[in-house]
Structure formats: C-alpha cells, structure tokens
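For reference, the structure discussed in these notes is given below.
Every number in this text was worked out from the coordinates using simple rules, so none of it is lab data. As the structure is a computational prediction, the values presented were derived from the model and not from experiment. A quick note on method: Cβ atoms are made from the backbone with ideal geometry, for glycine too, and the neighbour counts reach across all protein chains shown.
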C-alpha cells in the first residue's frame with residue numbers, strides 16, 4: 001500500500017469500517033511510514049479537539065443573560081418611543097415658538113437713530129419733506 | 001445547538017457564550033422577518049453562522065494590532081477549551097502544540113468549508129440539513145466537506 005491510498009483509507013480505518021484485509025494493510029503501512037503515522041495521529045487529535053469542544057458546557061446563566069439583555073432593550077425602546085410620540089413634537093413646537101419670539105423681540109429692539117431727521121444741506125433739494133406741500137401749489 | 005456552532009468557529013468558551021447571546025438577541029429582534037420558508041432551527045443556525053463568521057473575520061486594524069502584539073511578544077494567549085490529555089506531561093506538551101496546529105488548520109479553511117465542517121462535525125447535522133442552512137445543494141456540501149478534509153490533511157502534513 002502506498003501513502004496516497006493509505007491516506008484515502010485512513011478515515012475508514014479510524015472508524016473500523018474497512019474490510020479486514022484493507023485494515024491490516026493500512027495498519028502495516030502506518031507502522032512503517034512515519035509521515036502517514038503522523039497524519040493519522042493528527043487526525044486522532046482533530047477528533048479529540050472537536051469532541052473536547054462539543055463537550056464544553058455553555059454558561060449556565062446564559063439564558064438569564066439573554067433575557068435580561070432583551071428586557072433592558074425593550075425598556076430602552078419603550079422610552080425611545082415615548083420620546084418620539086410625545087416629547088419630540090413638543091420640543092419641535094417649543095423650539096419654533098422660541099425662534100418666533102426671539103425674532104420678534106430682536107426686531108422690536110431696533111429703533112430709528114436720534115439724528116435720522118437731519119438731512120445734509122446738499123441733499124436738502126432732493127428731500128421730499130423739504131419741498132412745499134402740493135396743497136399750497138393747488139391753492140396758489 | 002447554537003453554542004456548539006459558535007464554539008466550532010471560535011474554539012473559546014467565553015467568545016462562544018457572547019456569540020450565542022448575540023445570536024439570540026439578533027433572532028429576537030428580527031423575529032418579524034422570519035417568514036417560515038425554512039424551519040425555525042435552520043433560520044437560527046443561519047444567524048449563528050453569520051454572527052460567527054463576522055466575529056472570526058478580522059479587520060485590517062485588528063490584524064495590524066495583533067502583529068504589533070506578536071512583535072512585542074505580549075500577545076494574549078486565547079483561552080481555549082481543554083482537550084482530554086494523557087497523564088504523561090511530555091505527551092501532553094506535544095499534544096498542546098498539536099492541538100494548536102489543528103485549530104489553526106481549521107481556522108484557515110475558507111469560510112464555506114469551515115461552515116460545512118462545523119455544521120456537520122460539531123452539530124452532527126446531515127448533509128441535507130447543512131445544505132438547507134447554507135442554501136446550496138447536498139452535492140455541493142459533500143464537495144465542500146471533501147475539499148475541507150483534503151485541505152486539512154495537507155495543512156496537517158499529509159500528501
């Protein structure tokens with residue numbers, strides 16, 4: 001038996017599912033071929049690793065942890081939905097009202113300057129207020 | 001069943017616990033999207049596999065950090081689950097190295113081969129069930145398992 005054939009039959013050999021004569025051939029090859037023997041050993045170790053991991057028990061409080069996590073998330077989302085249903089529209093309305101009030105207040109703060117009525121001499125002619133009233137012209 | 005799937009990907013009890021928790025929370029949150037096209041367990045397995053693959057897929061940043069840690073020699077030793085050892089300490093040391101080799105070989109398999117191996121070996125699912133979870137044909141699952149075995153043999157020193 002060569003290495004290639006031995007490696008093909010290795011799984012069956014490990015499971016004991018091969019015919020007796022093939023089992024004997026694989027066994028004799030493993031006794032003389034170190035690389036195939038090493039591979040077979042690794043195959044056994046792979047099985048052990050998998051079995052060891054399968055046998056590992058999960059945290060006994062895992063279900064409690066999951067339920068607690070879900071409950072806290074539900075609580076948070078309930079709070080968030082209260083905010084989105086009631087508080088958010090209220091906050092938006094109040095913000096708009098505050099913006100309007102601020103605008104009106106700022107607008108009413110601006111007063112005409114004290115010297116606004118004074119018109120420079122050079123502009124006096126173009127100042128409509130300096131012209132005579134049309135009523136006087138009509139009366140004339 | 002979810003825990004077994006997760007531990008098959010991460011080989012670490014704490015990470016498997018976290019992943020199991022993540023899987024159930026994700027399932028709870030997306031329960032409304034479960035249409036019943038497949039069985040509930042198939043749907044749950046899919047969530048577990050996706051969560052595990054996402055966890056094992058390392059970001060470039062974490063790989064860089066790992067390399068830096070390795071260079072500094074202060075890389076954290078992962079807490080693996082124990083494997084039954086012989087009483088002989090010399091044999092046990094050799095086996096620990098071999099165990100790490102096996103885990104590394106399993107971890108470096110392509111994601112689809114790894115998924116097929118985990119579902120079939122760790123969860124003991126039939127090829128039909130694995131095919132349903134992975135959304136491929138039974139023939140494709142068989143081919144994946146064969147390739148995975150060949151690949152493992154090669155990585156572990158076979159021809």
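General remarks:
- Between region A:94-111 and region A:52-82, the alpha-carbon center distance in angstrom: 50
- Anisotropy class of region A:3-54 from Cα gyration tensor, a/c 1.5 cut: oblate
- Neighbour-count order for A:3, B:6, A:36, fewest beta carbons within 10 angstrom listed first: A:3, A:36, B:6
- Relative intensity, log₁₀ I(q)/I(0), of region A:58-104 from a Debye sum that treats every alpha carbon as a point, q = 0.16, 0.21 Å⁻¹: -0.61, -0.75
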